[in-house]
Amino acid sequence: MQMKNMFKYYLSNKRRGISLIFVMALTVFSIYFVTSLVQSIFSTVEYSNIACLNDFSFVYPVGGSSFLSDETVEKIQKDDSVKKAYPILLEYTVINNIFGTTSGYVAFMDEADIGEIFDDFSLTVTEGRLPEENSYELIMHEDMLKNKGLSVGDTFGSAVDEGEQIDGKYTITGAFSGDSYMAFGTKSYRQKELEELGLDFQNTTFGLLVTPKTDLDTMNTMLDAMSHDETAAMTLSYAKETLQENISSIKFLMFVIVIVIAVSISAAVCIVLETIYNDRMEEFGILYAIGYKKSWLFRNIITEIIALVFISWILGLVISYGFLTLVAKSVFEPMGQMLSIFSIQSLLYTIIVMAVFVVVTILVTILKFAKKDLIAIIEMR
Amino acid sequence: MLGVKNIDLEYIDGRTKRTIFSNVSFDIHSGEFVSLLGPSGSGKSSLLYIVSLLKTPTAGEIYLDDVMISGAKNKNEIRYENFGFVFQHHFLIPHLTVLENVCTASYEKNVEKQAKDLLERLGLKDLINQKPYRLSGGERQRVAIARAVVKKPRILFADEPTASLDHHTAQEIMTIFSELQENTTVVCATHDYGILPQTARILRIEDGKVVEDDKTGGNE
């Protein structure tokens, strides 16, 4: 019996074959689509919270203290791994993603220092200009601008938008491109408040933007070791670690959900397949009587199931690709965010699901089939 | 050619042991048309299934060319190499065409040509691309016969092959079996004496025993 006859059953019973493939493809699509969307949250957070930390690190006061001690500042500035430690006032702004919000950095520093950062890390002004010294002006990464739905010349801040994290009202003077997803300004409203409280802003360090002399890792190792009750360092390694801790429980939950879905859908697919193979018992009975071994029949059944699952998997991925492309263009791009259409992790989840389908359906089908007395079928007992 | 020695068949029915037949022995020679004749429930089908290695007896041996095959581990291979089967029900695979059904009998890649020739001989040339549901009962049974003989088996086993057919069609089927007898030994289980060919050897089965071994044949 030629192998090509193998799929003739499904070609002759298209409704059954299509409904099986449709259910499995829909499962693949659901899992790929949802896990890709969830991955996009992690990507957005990573981009907004971590991207700039690939070039430099922040040091800021913690534990009730509003500024860094002179000793800490001096220690950092004099370290061999540090090129320069720029005094900054670090604030945060809201970054939107489709499931909610996260935070992005806004660093307030001298105009000249901003210029140096732009030169050292290849940040390019694509529109407008850098903010002037001592002004309530900002230059923002172009993707951040897109995310907020703002343009150069617009104003933003809590005085303009109640949902905004950063106090006050700032004018956006320019947009820039590069790896550092953040905004730079020269004067913050918090600085104004602190000055009104009598703080000598010029001789007080509220935070540092620290650049490496040679490699970032060596500098970050020093900064991580230096963190204590009053000072914390936002380094690449720390940020990644924190992000992983925060998302690990979500990732685990996602994995559990995927497995539960896979097993549930496998049960449904098993029931349909069992009906199909029960209906075909006469076919298997006559083949056995003619002289085909049970092992040959098993191999054919297994090959049919694997082929069905594979076709469903490919179809599910194609549908996912189409939908994700649509969502990326219509939802994510206008928000200045990335949606990765090809995700290894999402692909792996679908492979896990398909593997569960194959194993469960083969086991159930073959175990039932193995117990059948094929000759009893021929005898029509 | 085919030796049947001291075959017993028993089974447990609830708490009772039922004996279908006991101590049945006979030989079948090459080129014979052997009919296992008996009423319903006489055990003729069971005997046919045992002789053709589809069923295992409670006791006894089956020999093919003096080689014991009843205890063989490769019964599937022996059936494939030597036997063909026609049953009361045609068991054609519904999603395959007539030609594809006949070709299922053999692993060989060149079986298609032989299948077409055979189907033409059986008057089914115009139906080779049809699915079984479009065929009449007699046509389906002829396809089943084609499937059984396409790889030229040494022995063709037929279990009540005409039971669900009208008399005229049944006679046609028996005529085909007689023609096949030239190259194939035929063993046929049936309760209908009236359709057997004249040259048939009749083994009458009653009460679990072969009560008659008539080599003088049946009716035309």
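The condition of being of a type in the set (A, V, I, L, M, F, W, C), open to solvent by 20 Å² or more (accessible area, probe 1.4 Å) and assigned to a helix (DSSP H, G or I) does not hold for residue A:309.
Which of the residues belonging to region B:65-86 are more than 14 Å from chain A (Cβ to nearest Cβ) and either surrounded by 13 or more Cβ atoms within 10 Å (Cβ to Cβ) or more than 21 Å from residue B:25 (Cα to Cα) (or both)? Steps first, please.
First, pick out the residues of region B:65-86 that are more than 14 Å from chain A (Cβ to nearest Cβ): B:65-68, B:70-71.
The answer is B:70, and nothing else.
The condition of being under 18 Å from residue B:85 (Cβ atoms), modelled with pLDDT of 85 or more, touching a Lys or Arg at 6+ places or on another chain (Cβ under 6 Å) and of a type outside the set (S, T, N, Q) holds for only one of B:111, B:102, that being B:102.
Kindly check whether there is at least one residue in region B:42-60 that is in a strand (DSSP E or B) and either without any contact (Cβ under 8 Å) to a residue 40 or more places away in the chain or crowded, with 22+ Cβ neighbours inside 10 Å (or both). Scanning region B:42-60, I find no residue that is in a strand (DSSP E or B) and either without any contact (Cβ under 8 Å) to a residue 40 or more places away in the chain or crowded, with 22+ Cβ neighbours inside 10 Å (or both), so the answer is no. Taking each residue of region A:194-209 that is under 22 Å from residue A:82 (Cα atoms) and looking for partners that are at pLDDT 70 or above and among the small types (Gly, Ala, Ser) with beta-carbon atoms closer than 6 Å, six or more apart or interchain, yields A:208/A:85; A:209/A:107.
For every residue, the table says whether it meets (1) out of contact with any strand residue (DSSP E or B) (no Cβ under 7 Å at 6 or more places or on another chain); (2) charged (D, E, K, R); (3) open to solvent by 10 Å² or more (accessible area, probe 1.4 Å).
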{"site": "A:63", "(1), (2), (3)": "yes, no, yes"}
{"site": "A:66", "(1), (2), (3)": "yes, no, yes"}
{"site": "A:72", "(1), (2), (3)": "no, no, yes"}
{"site": "A:78", "(1), (2), (3)": "yes, yes, yes"}
{"site": "A:82", "(1), (2), (3)": "no, no, no"}
{"site": "A:87", "(1), (2), (3)": "no, no, yes"}
{"site": "A:96", "(1), (2), (3)": "yes, no, yes"}
{"site": "A:111", "(1), (2), (3)": "yes, yes, yes"}
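Kindly evaluate residue A:259 against the criterion of being β-branched (Val, Ile, Thr), assigned to a helix (DSSP H, G or I) and within 20 Å of residue A:10 (Cα to Cα). No; evaluated as a whole, the condition is false for this residue.
State yes or no: is residue A:29 within 32 Å of the chain's Cα centre (by Cα), surrounded by fewer than 20 Cβ atoms within 10 Å (Cβ to Cβ), assigned to a helix (DSSP H, G or I) and not β-branched (Val, Ile, Thr)?
Spelling it out, it is not the case that residue A:29 is within 32 Å of the chain's Cα centre (by Cα), surrounded by fewer than 20 Cβ atoms within 10 Å (Cβ to Cβ), assigned to a helix (DSSP H, G or I) and not β-branched (Val, Ile, Thr).
Scanning region B:193-206 for residues that are modelled with pLDDT of 80 or more and over 17 Å from residue B:31 (Cβ atoms) yields B:204, B:205, B:206. Within region A:73-97, the set of residues being closer than 19 Å to residue A:199 by Cα and either out of contact with any helix residue (DSSP H, G or I) (no Cβ under 7 Å at 6 or more places or on another chain) or without any contact (Cβ under 8 Å) to a residue 12 or more places away in the chain (or both) comprises A:73, A:87, A:88, A:90. For region B:104-113, the candidate set comprises residues that are open to solvent by 10 Å² or more (accessible area, probe 1.4 Å) and within 8 Å of another protein chain (Cβ to nearest Cβ); within that set, the residue that is nearest to residue A:285 (Cα to Cα) is B:107. Across region A:73-102, the number of residues qualifying as within 26 Å of residue A:133 (Cβ to Cβ) and not aromatic (Phe, Trp, Tyr) comes to 14.
The listed residues are A:241, A:245, A:282, A:304, and the only one of them that is within 14 Å of chain B (Cβ to nearest Cβ), under 36 Å from the mean Cα position of the chain (by Cα) and acidic (Asp, Glu) turns out to be A:304.
The values are calculated or read from the model by the stated rules, or taken from the named source; none is laboratory data. Just so you know, these numbers come straight off a predicted model, no measurement behind them. So basically every Cβ, Gly included, is an ideal-geometry build from the backbone, and we count neighbours across all protein chains shown. Side chains included, ligands, DNA and RNA excluded: accessible areas come from the protein's heavy atoms. Shrake-Rupley method; radii C 1.70, N 1.55, O 1.52, S 1.80 Å.
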